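Working notes, structure below.
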Amino acid sequence: MPLYIEDRLRWIREMRQKSPCKRCGLLYNHHVKAKCPDCGTLDSHELRELLAQKEVIVADLRRMGFIFAALALAAMLLFWLFAI
Ligand SMILES: [Zn+2]
């Protein structure tokens, strides 16, 4: 089996074992680590900063998704206009 497929299958297996942290919402394997590696050592102030960073990243990804969807729609519209 090619290395790419093995890596992909290993990644899928690892992702299935992960579940969201009750404190920060990020994914980690509860069977391997007792504490969340992202927020387990943070106090409440640091946790707020982590959650604020997470919100900024989610907002950026949402904005990028909107831009790519708009570009795809514009390309489809142009293709449709010039194909006729
Ligand atoms: Zn956490």
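Nothing in this text is a laboratory measurement; each read-out follows from the coordinates by a stated rule. Source: prediction; values computed, not measured. In this analysis, Cβ positions are derived from the backbone assuming ideal geometry, glycine residues included, and neighbour counts consider all displayed protein chains.
So here's what we get for this one:
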{"quantity": "Student exercise, the chain dipole from Lys, Arg, Asp, Glu Cβ charges, in Debye to nearest 20", "calculated": "320 debye"}
{"quantity": "Reference-scaled alpha-carbon Rg (2.2 N^0.38 Å with N residues) for the chain", "calculated": "1.68"}
{"quantity": "Eligible aspartates and glutamates near Lys33 by straight Cα distance, threshold 20 Å, same-chain separation 8 or greater", "calculated": "Glu14, Asp43"}
{"quantity": "Residue of Leu47, Leu73, Leu61 that the Gaussian network model of the chain assigns the largest fluctuation, springs spanning Cα pairs under 10 Å", "calculated": "Leu73"}
{"quantity": "Most mobile listed residue (Ala74, Ala59, Ala34) in the chain, GNM with C-alpha springs under 10 Å", "calculated": "Ala74"}
{"quantity": "Only Lys, Arg (+1) and Asp, Glu (-1) charged, at Cβ; the stretch 42-84 dipole about Cα centre in debye", "calculated": "280 debye"}
{"quantity": "Positive dipole terminus of the chain, leading residue within Ile5, Phe68, His45 (C-beta point charges)", "calculated": "Ile5"}
